[in-house]
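J.: Right, I'll just put the structure down here and ask away after.
Rule-based calculations on the coordinates, nothing more; no lab input. Not measured: the values here are computed from a predicted model. For neighbour counting, all protein chains shown are included, and Cβ atoms are generated from backbone atoms with ideal geometry for every residue, glycine included.
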């Protein structure tokens with residue numbers, strides 16, 4: 001298996017991990033009634049750190065030159081969606097859905113944002129070398 005294919009599978013695995021952890025920690029927050037409960041906050045911090053490290057790995061190793069623009073646009077969309085709190089109406093249906101959606105989106109953003117920063121830096125450096 002070549003490096004590009006390994007990186008693609010790693011990216012998919014990391015997104016699945018973000019979804020699973022969003023469901024698990026979101027359920028913990030739902031049971032506690034808040035994200036600021038000490039146990040939930042500790043778990044959330046460790047998951048965020050893990051996603052940050054995985055995002056750095058992806059940013060360094062896997063995004064090709066032709067994937068830079070689509071990846072950065074997708075990351076911008078994720079960050080905007082996370083900051084807009086678009087999932088809060090789900091709490092009207094069932095509060096657990098809001099916790100799950102918030103957790104999943106936050107962990108995917110925590111994974112994609114550091115990768116986007118690294119990819120942006122690599123793109124700027126590549127442009128600087130061309131001139």
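J.: For labels at residue 130 and residue 73 in the simple 7 Å Cα→Cβ model, what's the distance in nm?
T.: 1.7
J.: Would you mind checking the tilt of helix 38-61 against the longest principal axis of the Cα atoms of the chain, expressed as 0 to 90 degrees and rounded to 10?
T.: Computed tilt is about 20 degrees.
J.: Which value in nm describes the separation of the simple spin-label points at residue 12 and residue 90, placed 7 Å from the Cα toward the beta carbon?
T.: Reported label-point gap for residue 12 and residue 90 is 2.3 nm.
J.: Separation between the residue 61 and residue 49 pseudo-spin-labels, each 7 Å from Cα along Cα→Cβ, expressed in nm?
T.: 2.1
J.: Once the Cα atoms of helix 68-84 and of the chain are each reduced to a long axis, what angle between those two axes, in degrees from 0 to 90 to the nearest 10, is obtained?
T.: So the inclination is approximately 20 degrees.
J.: Over the Cα atoms of region 36-122, what radius of gyration and what Dmax do you get, in Å?
T.: 14.5, 43
J.: Rounding to the nearest 10 and keeping the result within 0 to 90°, find how far the Cα-based axis of helix 3-32 lies from the longest principal axis of the chain.
T.: 20
J.: Find the centroid of the Cα atoms in region 1-35 and in region 61-95, then give the distance between the two in whole Å.
T.: That distance is 14 Å.
J.: Compute the relative contact order of region 72-131 as a whole-number percentage, counting only Cα pairs closer than 8 Å that sit 6 or more residues apart in sequence. Don't skip to the answer; put the middle values down first.
T.: Numbers: 26 pairs, mean separation 23.1, N = 60.
Relative contact order for region 72-131 comes out at 38 percent.
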